[in-house]
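Everything below concerns the one structure shown next.
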Amino acid sequence: LPAPAAIPGAEPPAGGESLESLGLYPVPGEPDWAAGFSEFWQPGEAGAQARLARFAAGALKAYDAARNTPGIEGSSGLSPHLRFGEVSPRQAWHAARAAAKGSGVETWLKEILWREFAYHLLWHRPEMPQRNLRAEFDAFPWHPDATLLRAWQQGRTGYPIVDAGMRQLWQTGWMHNRVRMVAGSLLVKHLLQPWQDGAAWFWDTLVDADLASNSASWQWVAGCGTDAAPYFRVFNPVLQGEKFDPEGAYVRRWVPELAKLPKAFLHKPWEAPAGILAAAGVALGRAYPRPVVGPAEGRARALAAFG
Ligand SMILES: Cc1cc2nc3c(=O)[nH]c(=O)nc-3n(C[C@H](O)[C@H](O)[C@H](O)COP(=O)(O)OP(=O)(O)OC[C@H]3O[C@@H](n4cnc5c(N)ncnc54)[C@H](O)[C@@H]3O)c2cc1C
């Protein structure tokens, strides 16, 4: 084989400095937001194989039903390992097929294929990470707003299922797929923030941040992707919470300031009577925010802009 051509910038630094000291490979400093990640992840091939084996022997069979429930471990958690090549999609595919039969396996294999589809799209449309796949979205009236974006990033939108997801992301580097869709929808539809801002935050914070899957998924959420949901599909963050986190296990875990609210109000604390809020120790508007944009107003704004 011919010697590989030199890649500009990839030469070892002269003078013995480390790449890190030159700022080329920045690692978390103070504060180190990734300090708690080792509780959730074991990077490397051994960790990947252990997780695949555990999933194949356990949650795989019931994946069909359990994958949409963020309060339980219903999916494989293999995404960072797949992202970094610590397990290959072929290994995962064959391990799953050997372990079980039925709708759980079939549905899971389709997810592996969604990943392949995202790579196919990125190969054919390399502009996908930045530009709308559907050009008619280029004139879309976004309302960039740094305060709204910050509230979303920090898990302080006032919508408990979204805030739980954004905090799970910050604390573990991962977010449940259902909640990624709901949180993404809130950002681009209710809050009218450009999908690229959401994708950039996920890119910075996800341990499975993957240029193909992240870009394709954000374009799907925004409606400008190839297989995009129709514009009038605006996820209702309250109904999504009530449907997929009915007992509130997920919200109570990641938004502990709401943990004592009864489930009737857990996904819409602003509707709870003052006495119930007081009994649960929830100071709405102080310890936990009211919705940054009201549910009906957000939906109406989205439909007007996307219509
Ligand atoms: C807005 C948004 C951004 C996303 N960004 C990423 C990302 O940066 N990296 C990433 O790997 N996934 C991304 N996804 C897809 C999906 O959320 C994750 O792959 C999944 O949550 C990972 O958890 P898991 O390993 O338990 O998945 P499982 O449900 O166990 O699925 C198995 C594998 O299939 C692949 N997969 C599953 N769903 C999808 C999908 N919709 N698109 C592409 N591949 C999929 C993943 O590699 C995953 O590990 C994104 C989804 C959304 C809605």
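Checking every residue in segment 207-217 against the condition of being open to solvent by 60 Å² or more (accessible area, probe 1.4 Å) and of a type outside the set (S, T, N, Q) gives at least one match. Within segment 208-225, none of the residues are without any contact (Cβ under 8 Å) to a residue 60 or more places away in the chain and away from the ligand (no atom under 11 Å from the Cβ). Restricting attention to segment 179-187, does a residue exist that is within 9 Å of the ligand (Cβ to nearest atom), of a type in the set (Lys, Arg) and either buried (at least 17 other Cβ atoms within 10 Å of the Cβ) or under 29 Å from Trp270 (Cα atoms) (or both)? For segment 179-187, residues within 9 Å of the ligand (Cβ to nearest atom), of a type in the set (Lys, Arg) and either buried (at least 17 other Cβ atoms within 10 Å of the Cβ) or under 29 Å from Trp270 (Cα atoms) (or both): present. Only one of the numbered conditions (1) under 18 Å from Asp208 (Cβ atoms); (2) open to solvent by less than 50 Å² (accessible area, probe 1.4 Å); (3) outside any helix (DSSP H, G or I); (4) within 11 Å of the ligand (Cβ to nearest atom) is not met by Ile112, and that is (3).
Results for (1) outside the structural domain of Arg167 (by TED's automatic domain parsing); (2) within 25 Å of Leu211 (Cβ to Cβ); (3) at pLDDT 90 or above, shown as yes or no for each residue.
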{"position": "Pro13", "(1), (2), (3)": "yes, no, no"}
{"position": "Glu17", "(1), (2), (3)": "yes, no, no"}
{"position": "Glu20", "(1), (2), (3)": "yes, yes, no"}
{"position": "Trp33", "(1), (2), (3)": "yes, yes, no"}
{"position": "Ala56", "(1), (2), (3)": "yes, no, yes"}
{"position": "Ala62", "(1), (2), (3)": "yes, no, yes"}
{"position": "Leu78", "(1), (2), (3)": "yes, yes, yes"}
{"position": "Arg83", "(1), (2), (3)": "yes, yes, yes"}
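Going through (1) farther than 19 Å from Gln49 by Cβ; (2) within 11 Å of the ligand (Cβ to nearest atom); (3) free of Cβ contacts under 8 Å to residues at least 60 places away in the same chain one by one, Glu106 falls short only on (2). Scan segment 65-103 for residues that are within 11 Å of the ligand (Cβ to nearest atom) and outside any loop (DSSP other than H, G, I, E, B) and the total you get is 10.
Filtered by the rule that a residue be in a helix (DSSP H, G or I) and either outside the structural domain of Val162 (by TED's automatic domain parsing) or open to solvent by 60 Å² or more (accessible area, probe 1.4 Å) (or both), segment 268-286 gives Trp270, Glu271, Ala274, Ala278, Ala279. Screening the candidates Phe235, Phe202 for the property of being among the hydrophobic types (A, V, I, L, M, F, W, C), under 19 Å from Arg67 (Cβ atoms) and either open to solvent by less than 30 Å² (accessible area, probe 1.4 Å) or more than 16 Å from the ligand (Cβ to nearest atom) (or both) yields one hit, Phe235. None of Gly165, Gly102 is in the same structural domain as Ala305 (by TED's automatic domain parsing) and either of a type in the set (Gly, Ala, Ser) or out of contact with any helix residue (DSSP H, G or I) (no Cβ under 6 Å at 6 or more places or on another chain) (or both) except Gly165. I'd like to know if segment 38-60 contains one or more residues that are away from the ligand (no atom under 12 Å from the Cβ) and surrounded by 18 or more Cβ atoms within 10 Å (Cβ to Cβ). Looking through segment 38-60, none of the residues is away from the ligand (no atom under 12 Å from the Cβ) and surrounded by 18 or more Cβ atoms within 10 Å (Cβ to Cβ).
The values are calculated or read from the model by the stated rules, or taken from the named source; none is laboratory data. Computed from a prediction, not measured in an experiment: that's the story for all the values here. Using ideal geometry, Cβ is built from the backbone for each residue, glycine included, and neighbour counts are taken over all protein chains shown. These accessible areas exclude ligands, DNA and RNA; they are computed on the full protein's heavy atoms, side chains included. Shrake-Rupley method; radii C 1.70, N 1.55, O 1.52, S 1.80 Å.
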